[in-house]
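A.B. asks: Here it is, the structure, as structure tokens.
Every number here is computed from the coordinates shown, using simple stated rules; none is lab data. No experiment lies behind these values; they were computed from the predicted model shown. Reconstructed Cβ throughout: ideal geometry from the backbone, glycine too, with neighbour counts over all protein chains shown.
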Amino acid sequence: MSLTTLKYGELTIPCPVAQATVLTAKLPAPLPDPHSAIRKALAAPLGTPALAGIVAPGERVVIVTSDVTRYTGSEHYLPLLVDELNRCGIDDGDIDIVIGLGIHRPQTVAEHRKILGALHGRIAVFDHDCDDPAQLVYLGRTASGLPVEINRRVTEAERVIVTGTVSLHYFAGFGGGRKGLVPGVASRKTCMATHFAIFNPPEIGGRQPAARPANLDGNPVHEAILAAARMIGPDFLLNTVLTPDKRIAAVYCGDLEQAHLAGCTLARDMYTVPLARPADLAIVSCGGHPKDINFIQAHKALDYGVQAVRPGGTVILLAACPDGFGNPTFFDWFRHQDLAEFEAALRARYEINGQTAYATLSKARTWRVILVSGFTSEQTARMGMEKAADLDQALQMAYERLPAGPEIVIIPDGGTVLPVIEKP
């Protein structure tokens, strides 16, 4: 029996465990012609007319798309989308592309070129700035009281098209759809307010259980983001669903909600993997570089991987993290070692990096996490985990506490696969 190989940074290493269940995403048949699929989706949108029935010559159109941290296939669909707008009488000069950075850094010229593909230098492109008051417009509050501040260029356009990709998201359920707008082109204040919905009311405390990957029903983060996005009133959505190797598996166009939900259905089918019972040990690779470039990125694989393991079981996480934690404030949050105190600190001054740190420590207190990374033993312990120098040492440490004949799963691409324990 050949051994499973796992990626660690730029390296590929064999996993010397033969008796294990390997969890991988379901790979759909490759699209023979992605560009044809994009054109067909544009011609037959879900829940809206085609663009010819929405836009009119002379109108100002803004297209919102993701930054390079979320590959979407934009270099394929943006040129075709602009060609369709041209056929509808919209001139290049009346089209702007806004990069929905959320709270991320501005893009470089090379990154703009990567996002826009053949459109670079032809269509004007602008980076959203969540901290520049001059770029923001206050639209009011949602029914739940969430303040909505949105990029001025987007709000002043006569037509807004939002694009992106549908993937699993560890507390909003799925990416794509409404997330292209919020947090994509929202103020920092609005971004933080929507993410804060992950917590139960103070009188209950703790994290809202419906705020989990692959779930939209009753998910308060999804509901907060969607309510804010509805206030923008986008006219059209284009979302891809990608395979684990970043090929376009499908394209959905049309209404913000209907087209997004269609993408969510496919993403759930592709990326959730049923398990008959929880394992004693999960060996999880983030999928290598760049998925384990820093710990904030690697956390996604940890969040999904623990779903395969019984409480008190063990997770080995392979995450090289050559760029460290991913944000200078992330590690500072581990000054809070008591989870109740940590939660209180987040409620007093919410920060997305703090939420990720809280989620990390919470999991490390529920499961035994052995981390193979570039972090020191002290840094690893501060995050609640145990350090191993390599996979062999991690396995030795794990077996010291495992029962005889343990149930073991191996997840080679932990950032894309969500194990789901089947209910009896």
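A.B. asks: Could you check the simple spin-label distance between ASN86 and GLU257, using points 7 Å along Cα→Cβ, in nm with one decimal?
C.D. replies: Here the answer is 3.6 nm between the modelled labels.
A.B. asks: Multiplying the sequence separation of ALA29 and GLN337 by 0.36 nm and subtracting their Cα-Cα distance, what value in nm do you get?
C.D. replies: 106.2 nm
A.B. asks: Ok, one more. When every alpha-carbon pair in the range 311-358 is counted, what percent end up more than 17 Å apart?
C.D. replies: 46
A.B. asks: Please identify the longest segment of the chain free of exposed GluC sites (Glu not before Pro), where exposed means a DSSP state other than H, G, I, E or B and no more than 14 other Cβ atoms within 10 Å.
C.D. replies: The segment 204-399 is the longest one with no such site.
A.B. asks: Putting +1 on Lys and Arg Cβ atoms and -1 on Asp and Glu Cβ atoms, find which of MET397, THR165, ALA25 reaches farthest to the positive end of the dipole of the chain.
C.D. replies: MET397
A.B. asks: Here's a follow-up. In nm, to one decimal, how far is the modelled label at LEU266 from the one at ALA134, with both set 7 Å along Cα→Cβ?
C.D. replies: 4.2
A.B. asks: At what distance in nm do the modelled label points of ALA344 and ARG207 sit from each other, each positioned 7 Å from its Cα along Cα→Cβ?
C.D. replies: 2.1
A.B. asks: While we're looking at this one, here's another question. P(r) tail for the range 1-121, what percent of Cα pairs lie past 22 Å?
C.D. replies: Of all Cα-Cα distances in the range 1-121, 55 percent exceed 22 Å.
A.B. asks: Turning to a different aspect of this structure: Given charges of +1 on the Cβ of Lys and Arg and -1 on the Cβ of Asp and Glu, with all other atoms neutral, how large is the dipole of the range 34-270 about its Cα centre, in debye to the nearest 20?
C.D. replies: In debye, rounded to 20, the range 34-270 gives about 500.
A.B. asks: What lysines sit close enough to LYS300 to cross-link, taking a C-alpha to C-alpha distance under 25 Å and skipping anything fewer than 8 places away on the same chain?
C.D. replies: LYS7, LYS26, LYS114, LYS179, LYS189, LYS246, LYS291, LYS363, LYS387, LYS423
A.B. asks: Something else: Looking at the chain, what % of its DSSP beta bridges pair antiparallel, to the nearest 5?
C.D. replies: 30
A.B. asks: Return the FRET efficiency for the residue pair ALA276, ASP245: r is the Cβ-Cβ distance, R0 is 35 Å, and the value is rounded to the nearest 0.05.
C.D. replies: Rounded to the nearest 0.05, the efficiency is 0.80.
A.B. asks: Which helices of the chain meet both criteria: a Cα extent of 18 Å or more along the helical axis and a mean Kyte-Doolittle score no lower than 0.0, with helices taken as whole DSSP H segments?
C.D. replies: Qualifying helices, which must be both long enough and hydrophobic enough, are 220-232, 256-271.
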